[in-house]
Structures are given as C-alpha cells and as structure tokens.
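S.K.: One structure, as structure tokens, below. Some questions next.
The numbers here are math on the coordinates, done by the rules we state, and not lab data. Small disclaimer: the values here were computed from a predicted structure and weren't measured. With ideal geometry, Cβ positions are generated from the backbone for all residues, glycine too; neighbour counts draw on all protein chains shown.
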C-alpha cells in the first residue's frame, strides 16, 4: 500500500532497530528508510542481516547492519556506539527483537521462561540503557536539536487477558509495557525522550505467524477477528512511523494497540442481527402488555 506520510517524514534521522532483519522489524526499518531516515539493523544471524541490508540499499535506503545479541550488554554497547560512529547521531531506537515458541505452563521450563524474558524484556531495557547517552536532549550528535530522541518498544496484547500456551511471552510483554511507561515517565521528564510501545495483534505475513499458527487454524481464526482479517507488517510500520515523526511529538508513555480490535472482541453472537431485533421487539411488546411497573426495553 502507498504510505499516507510525506516522503521526508523522518528525513535526517538515524534509527537503530533490533530484530530489524526480518518480519515486523524489517518492515519498520524499510518504512523509516523510505521516509528519509538512515537505518541500522541489529541481529544475531549475519546472513539475515546481510540480506536485509542488501534489500534496503536496493531501495535507495542508507542502511548498515551490525551483528549482536540484545541479551549481552557488551553487544548492545558496541552496536549503539557503532551506530553513532557511522552516522554521527542516534534519534530513534526500535526494540523489535523477540523470542517465542508454544508451550503449556506445565511443560515450560524455568530456562525457557528465562530465555524469552532475557531476549524480550532484559534485551529491551539493555538497549534503552545503552542508547540513553545518545538519545537524551543535548547528547553527542544531538546538540543541534532542542529535544531528545524516540524509543519504540514492540510488545503484544497477549497479557491483556490470558493466552493459551503463551505464559512466557505474556510475562515478557507485560514487563516491556511496564518498562515503556516507567521510562516515559522518568526519561521524558529528565531527558525529553519520548518512549512509547506498539502492541501488534495477529499479523498474517510474518514468520512468527506461520511458525506458531498452522494454516488451517489461521484461516479459522480470521473468522473470529472483528475485521475478518489479520493485520499486515505495513500496519505496524505505519504506527511506528507516526510515533517516530513529528506527528507524534506529544505522545509519550502510550501503548498503541494495532490489532483490529481483536483483544476487546467476544465470540460472534449465536443469532443474526435481524433475529436479535425481532426477539428484542417481542420482549418489548410482552413487557408493554404485561403488568404495570415493568420497564420497557430500549434495546
């Protein structure tokens, strides 16, 4: 789809995206780059990074990739510093690196829980912590700016209620949201850094969706969605672009849900709408013709 944003929405900005070599992270990287930003992607698999950088450069985007593990502070520090050395500034940090697998709670090992928490939650905070010196107002490379930078943390809606076989991910994403709000409070006040989150719902064109949800279940699940369809990576990237640009300059501490209304939805009613209307009128008529004092339905 064609972007509704101007091509220079984030022109001159430098963005570092963890997990930016594939899936949602890569689409966010691509859209930030297509709208004027220079982009740096961080990931553990060098061949994935090289392929992503090549595809980004083919679109005319200034892009580099640095291999690193967000769980390792030394890697986080090296990549952040390399980003600054490469481009002389850092304006946007997007934490999209994540781990996931299906497991019932009884089969989930403490090590499995710890692995996801380390990648998603600890990794998110580690990157934020290392990037602070470059993102805060008046930091190196931002001396020409009157404001701090932007942090976007990608979470999910799994923990808003509860999700089968996703205890580990739900716990990690809940912690990311709490981290987002607390950093928005502290670093927004002290350093003029805007910290926000994006909570994707079912995004149909991602490796994670194909890995975690079999095709036959995926097609059935779409019938339960309020909009009768899953989202696209583009939808998440547009939310990231909005929050990263001046259009979102007064948004801080928000978790933007991009799920088509799925998390607030209920199973579709067992009777069609017209049958419901007829039933309502029948009940209303009976109430009106019955003993006095029975209130009339306004359904």
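S.K.: Going by average Cβ neighbours within 10 Å, how do the peptides 118-126, 103-111, 132-140, 27-35 rank, with the highest at the top? Please report the intermediate quantities before stating the final value.
M.R.: Working: 118-126: 22.2, 103-111: 10.4, 132-140: 18.1, 27-35: 24.8.
Ranked by mean Cβ neighbours within 10 Å, highest first: 27-35, 118-126, 132-140, 103-111.
S.K.: Could you tell me how many degrees, from 0 to 90 and to the nearest 10, lie between the Cα long axis of helix 46-57 and the main elongation axis, the longest principal axis, of the Cα atoms of the chain?
M.R.: 90 degrees
S.K.: Would you please put 229-242, 3-16 in order of how densely packed they are, using the mean number of other Cβ atoms within 10 angstrom per residue and starting with the highest? Intermediate values should be presented prior to the final figure.
M.R.: Details: 229-242: 20.6, 3-16: 17.5.
Ranking the peptides 229-242, 3-16 by packing returns 229-242, 3-16.
S.K.: Where does each of 244-253, 154-163 land if you order them by average Cβ count within 10 Å, highest first? It would help to have the intermediate numbers written out before the result.
M.R.: On the way: 244-253: 16.1, 154-163: 19.4.
With the highest mean Cβ count within 10 Å placed first, the list reads 154-163, 244-253.
S.K.: Would you calculate a helix-derived [θ] at 222 nm for the chain, using -39,500 (n - 2.57) for each DSSP H run of n ≥ 4 and dividing by the full residue count, to the nearest 500? Display every interim value, and only then the final one.
M.R.: On the way: 10 runs with 127 residues, N = 299.
The per-residue figure over the chain is -13500 deg cm²/dmol.
S.K.: Here's a follow-up. Between the helical axis of 73-87 and the dominant principal axis of the chain, each derived from Cα atoms, what acute angle in degrees is found, rounded to the nearest 10?
M.R.: Taking the Cα atoms of the chain, the angle to 73-87 is about 70 degrees.
S.K.: For Cα pairs less than 8 Å apart in space and 6+ apart in sequence, what is the mean separation divided by the residue count of the range 66-175, i.e. the relative contact order in percent? Please list the in-between numbers first.
M.R.: Details: 156 pairs, mean separation 36.7, N = 110.
The normalised contact order for the range 66-175 reaches 33 percent.
S.K.: Another question about this same structure. Express the relative contact order of the chain as a whole percentage, based on alpha carbon pairs under 8 Å and six or more residues apart in sequence. Intermediate values should be presented prior to the final figure.
M.R.: Working: 552 pairs, mean separation 48.1, N = 299.
Taking the mean separation of contacting Cα pairs over the length of the chain, I get 16 percent.
S.K.: Let me ask something additional. Distance from the Cα centre of the range 107-150 to that of the range 39-59, in angstrom?
M.R.: The two parts, judged by their Cα centres, are 20 Å apart.
S.K.: Report, in degrees rounded to the nearest 10, the 0 to 90 angle that the Cα long axis of helix 167-191 makes with the longest principal axis of the chain.
M.R.: That works out to roughly 60 degrees.
S.K.: Another question about this same structure. Rounded to the nearest 0.05, what FRET efficiency do residue 114 and residue 282 have when you use their Cβ-Cβ distance and R0 = 51 Å? Don't skip to the answer; put the middle values down first.
M.R.: Numbers: r = 58 Å, r/R0 = 1.13.
Efficiency at R0 = 51 Å is approximately 0.30.
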